[in-house]
1. Given the criteria hydroxyl-bearing (Ser, Thr, Tyr), surrounded by 10 or more Cβ atoms within 10 Å (Cβ to Cβ) and at pLDDT below 85, does Ser58 qualify?
2. It is to be established whether one or more residues within the stretch 70-93 are among the aromatic types (Phe, Trp, Tyr), at pLDDT below 80, part of a loop (DSSP other than H, G, I, E, B) and over 30 Å from Gly27 (Cβ atoms).
3. Does any residue of the stretch 9-24 turn out to be in a helix (DSSP H, G or I) and of a type in the set (S, T, N, Q)?
4. Considering only residues that are loosely packed, with under 11 Cβ neighbours inside 10 Å and in contact (Cβ under 8 Å) with a residue 24 or more places away in the chain, look in the stretch 1-45 and name the one that is farthest from the chain's Cα centre (by Cα).
5. Given the criteria modelled with pLDDT of 80 or more, closer than 30 Å to Gly20 by Cβ and either surrounded by 10 or more Cβ atoms within 10 Å (Cβ to Cβ) or touching a Cys at 6+ places or on another chain (Cβ under 8 Å) (or both), does Leu100 qualify?
Amino acid sequence: MELWKKAAKLGSIRAHFFLGNEYDAVGDLKKAKFHFEAAAMAGEEGTRCNLGCLEGKSILSFADAAGGLPIPRGTPGYVGNIGTQNTRTAQGFLIVVSALAVMSYNASLVLQAYWGIKNNFNEEKPIFRRMVCSTWMGHHICSERKSQSSQHWMSHC
């Protein structure tokens, strides 16, 4: 590994990629991220996937740590839980609300695609025009004031 470190100091993209993988394997995410970023900035496209995986690991580790907090004290099999029944209920509520938000967002994208295909992506049809404005640019841009920067987009609204 020492030779890979020397090669990385000399600017070897492959060395940064290798070291990133090695540090990731032993759990040193900070060093892994450093080497993956160095390789990505030098043009190694494979490291972008690795960087994404590192971010995913960070999110999952936070979720694992925070996910047990609302569980009521004294529940067997959990350590560090400080919650009550009310915190558990609140967590369940937030999970359901976020799941509904994701489904609603995806349904709006499906409707937009459906109307676009049905109208042959004709921007002159009022329904399609409204959907494009409200989905892609935010309803306020189309219905509020015109500004210099949004002049081009306003022509579609």
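1. In short, yes.
2. No, every residue in the stretch 70-93 fails to be among the aromatic types (Phe, Trp, Tyr), at pLDDT below 80, part of a loop (DSSP other than H, G, I, E, B) and over 30 Å from Gly27 (Cβ atoms).
3. yes
4. Ranking the qualifying residues of the stretch 1-45, first place goes to Gly11.
5. Against the criterion (modelled with pLDDT of 80 or more, closer than 30 Å to Gly20 by Cβ and either surrounded by 10 or more Cβ atoms within 10 Å (Cβ to Cβ) or touching a Cys at 6+ places or on another chain (Cβ under 8 Å) (or both)), Leu100 does not qualify.
The values are calculated or read from the model by the stated rules, or taken from the named source; none is laboratory data. Predicted model, so just to flag it, every value in this text is computed and none were measured. For neighbour counting, all protein chains shown are included, and Cβ atoms are generated from backbone atoms with ideal geometry for every residue, glycine included.
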